[in-house]
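Here's the structure, in structure tokens; my notes come after.
What follows draws every value from the coordinates through simple rules; no lab data is involved. Bear in mind that the values here come from a model prediction, so they are computed numbers and not experimental data. A quick note on method: Cβ atoms are made from the backbone with ideal geometry, for glycine too, and the neighbour counts reach across all protein chains shown.
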Amino acid sequence: MANAASRAERLRTLREMHGWTQADLASATGLSQPLLSSIEKLRRDATPDSLRAIATATDTPLSFFEVEPSTVPTDSLHFRKNKTAPIKLTTQVKAFFREAHRVTTTLLDQISRPIAQFPSADARAGEVDADEIEKLAVETRRTLGLESDAPIPNLTRALERAGAAVFRMTLPGVEEGRVVGKGHYGVSYWGGPGERPVIGYFPGSGDRDRFTIAHELGHIVLHTYRTPCDEAETEAHRFAGALLLPRARATDLISATTTLSEYARIKAGFGISIQAIIMRAWHLGLIDDDRKTSLMVQVGARGWRTSEPVEVVHEEPQLVTKALVAVWPDSPYRRAAEPLAIQPQILRSLAPVLPAPGARVRAADGGNVVSLASRR
């Protein structure tokens, strides 16, 4: 049974997951704010009656307050986010991800899903140069069982085959678009060899989701052992570009005279946004500063900064849902809530119902990376 300190931590976690203040939780439960504050500060113990009131008001199983808190250190989490992301929202994302990490790794461990050995940058390295990032991207493709220079049909599925947990992040009480609008895209954590890499992302367009997942994988490979550096986000971006559009193929396909229409065709083949391809070409020295600027001006003039042509099909994570159904075949969300110590609605967001076979829209070119129907 959890002690008073653990229950206080679990109460704070529950509140932060919902983005609530103590006054918000008091209003939802009928308990007083001073009481909740005293429990969180360990001045009073949480009584069975107060825990039941909180559990009932929030549809939270009582086991939530007894389970061992997540051991994932929040200062070790990696983010794809803007520097201007609100602190309150970041706190909610951290609390949600730690619980999601606990639940998803517990589920995948129950079905004994093996874990591949992911590469990692040398812990003694300072800044990692461009050649090292390219090399690590190639090694990561090898770990995922992918060809060294071919398009990646489904990055999420490749990660799941390697034993990683990937899930869409849906915060309680927050609209999906608002999270991204406030500067949050994804979050990840890896404890090292033998541990399961975990990646959560806030859904948007298909190409942005793929880039966010690749970016978070870059954090896992590049920053698990190295001391945090100011260039971490830039490095993860470069890794994502290298993973999705290998250098050899980029060199074959892009030159200083490549037009935006040709960039759109590359996007159709590799599932990476036109703007990311332009940056990839610039990083590789295939185009100069003036050409990059010219292309980005054209992108803006066409209204493509927020809505590009060529629709990239969304990748739907499946492994966590399959693990849940394997353990609890019938009514899994309600039946699994107590043993997994998580609210049914949060479990549903982490392990959504899988689409019926054949329900996904296939790409117009016969692959599963893009649909060309929206090209304009």
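For the reader, a short list of remarks on this structure follows.
- Candidates per trypsin sites (Lys or Arg not before Pro) in region 278-343, loop by DSSP, up to 13 other Cβ within 10 Å: Arg305
- At 1.306 mPa s and 10 °C, Stokes D of region 179-302 from Kirkwood alpha-carbon radius, µm² per second: 102
- Residues Met296, Met17, Met169, arranged from fewest to most other Cβ atoms within 10 angstrom of their Cβ, appear as Met296, Met169, Met17.
- Diffusion constant of region 74-244 at 10 °C, which comes from Stokes-Einstein with the Kirkwood Cα-pair radius and 1.306 mPa s, µm²/s: 98
- Computed from Cα positions, the angle between helix 232-244 and the longest principal axis of the chain comes to roughly 60 degrees.
- Cα Rg, Dmax, region 4-65, angstrom units: 10.0, 26
- Its Cα centre serving as origin, the chain has a Cβ charge dipole (Lys and Arg +1, Asp and Glu -1) of approximately 740 debye.
- The amide H of Arg80, built 1.01 Å from its N in the peptide plane, has Tyr185, Gly186, Val187 as neighbours under 5 Å, considering only residues 5 or more places off or on other chains.
- Taking only the C-alpha atoms of the chain, the Rg (one decimal) and the largest Cα-Cα distance, Dmax (whole number), read 22.1, 71 Å.
- Close Lys pairs in the chain (alpha-carbon distance under 22 Å; sequence gap of 8 or more, or different chains): 9.
- FRET efficiency, 1/(1 + (r/R0)^6) with R0 41 Å, evaluated for Thr21 and Ser112 via beta carbons: 0.50
- Spin-label model distance (nm) - Ala57 vs Ser331, 7 Å beyond Cα toward Cβ: 2.7
- Shown for region 158-226 is the translational diffusion coefficient from the Stokes-Einstein equation, using the Kirkwood radius over Cα pairs, a temperature of 25 °C and a viscosity of 0.890 mPa s: 194 µm²/s.
- Sites excluded, GluC sites (Glu not before Pro) in DSSP loops with at most 15 other C-beta within 10 Å, longest stretch of the chain: 232-376
- With a cut-off of 17 Å on the backbone N, the residues of region 186-214 near the modelled label site 7 Å out from Ser76 along Cα-Cβ are 187-200.
- Taking Leu324, Leu295, Leu42, Leu284 and counting other C-beta atoms within 10 Å, the order from fewest to most: Leu42, Leu284, Leu295, Leu324
- Placing +1 on the Cβ of every Lys and Arg and -1 on the Cβ of every Asp and Glu, with nothing else charged, gives region 43-175 a dipole about its Cα centre of roughly 420 debye.
- C-alpha long axis of helix 87-110 to longest principal axis of the chain, angle in °: 90
- Positive dipole terminus of the chain, leading residue within Thr74, Ala5, Ala130 (C-beta point charges): Ala5
- Which of Tyr189, Tyr225 has the fewest Cβ neighbours within 10 Å, and the rest in rising order: Tyr225, Tyr189
- Here the spin labels are modelled as points 7 Å beyond Cα on the Cα-Cβ line, and at Gln33 and His314 they lie 3.7 nm apart.
- For Val166, the residues whose modelled amide H falls within less than 5 Å of its own, excluding neighbours fewer than 5 places apart on the same chain, are Ile199, Val320.
- For the chain, the relative contact order comes to 19 percent (Cα pairs under 8 Å, sequence separation of at least 6).
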